[in-house]
Amino acid sequence: MVPVVLGFCDLGENLQITMMLIQYPEVSASQVEWASRFTVIKGSYLRPLSMLLALGFLIRTGLANLIKGLNK
């Protein structure tokens, strides 16, 4: 579910930035606000997910090394 949410947020952010580039120099404040919202939502999901994946990797490699040490 999280990758789908991140994908939609990324697409929304890209769409908003593309629209700002097309409308330049007549960019509205609401356009900037929407692009910013998508960026913030994406970041709020991506940071904890990245930390969780890193923690899972560290735990898994630590357990694997512990098991190797016990089997010697």
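Here, each number is a calculation from the coordinates, and none is a lab measurement. Keep in mind that what you see is a predicted model, and the values were worked out from it rather than measured. Note that each Cβ is placed from the backbone with ideal geometry, even for glycine, and that neighbours are counted across all protein chains shown.
Remarks
- Listed residues M20, L66, A54: farthest to the positive end of the dipole of the chain (Cβ charges): L66
- Placing +1 on the Cβ of every Lys and Arg and -1 on the Cβ of every Asp and Glu, with no other charges, gives the chain a dipole of roughly 700 debye about its Cα centre.
- With helices as the sole contributors, the chain gives -33000 deg cm²/dmol at 222 nm; each DSSP H run of n ≥ 4 counts as -39500 (n - 2.57), and the sum is divided by every residue.
- Cα principal axis extents for segment 2-71, largest first, Å: 67, 18, 14
- Summed residue charge, Cβ within 11 Å of E13's Cβ, Lys/Arg positive, Asp/Glu negative: +1
- Spin-label pair L49/A64, simplified geometry with 7 Å Cα→Cβ offset, distance in nm: 2.3
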